[in-house]
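Contents: one structure, followed by commentary.
What follows is calculated from the coordinates using simple rules that are stated; it is not laboratory data. In this text the structure is predicted, and so the values were computed from the model without any measurement. We place every Cβ from the backbone using ideal geometry, glycine too, and count neighbours over all the protein chains shown.
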Amino acid sequence: MLKSQEVTMTDSADLNATPSIRLQAGAVPYRIGDSGLEFCLITTRRSGRWSIPKGCLREHETIESAALCEALEEAGVTGAIVGEPLGQYAYRKRGESFSVSVLLMEVAHSSQVWKEGAQRQRCWASFHRAVEMLDRPSLVQLLEVAMGRLGSHADESSTDTRNRASA
């Protein structure tokens, strides 16, 4: 059974200084690939930094629905949300404050062509490689929470990979 664990972080200046905080939802997409557990990372459009799919909630949209929508638009992946939110983090960008709730997403399908595919790179990476690629501590912490939830799956996938290799 998956345990809920919340991570709350602030990447920048004190968010209480701004009266309005925009709410966003993000996803940590994962799959069990040929080499075991893999996480999907994407680059940001402006800086090209590695990140996770995330975006603002539309009116009357749930966090889960927004996270799935952003994963499809930004990374070209579809699937299902797994468990409670991994946590949340906050940041400031161009004078605005944002609070991002991040959910774990099991990927069912990864498209070769997607809405923002020409604007972003997508990479499937092992946990250790993903940690090396992410340069924001808050995202690394959320990935660690995800890995903690998926630990038994990671063990199973390495066994499956070894079994396939020996077959």
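Close amide H pairs (under 5 Å, H built 1.01 Å from N) link Val82 with Leu104, Met105, Glu106, residues at least 5 positions away or on another chain. Counting other Cβ atoms within 10 Å, which trypsin sites (Lys or Arg not before Pro) in the range 14-91 have at most 12 and lie in a DSSP loop? Here the sparse-neighbourhood loop sites are Arg45, Arg46, Arg58.
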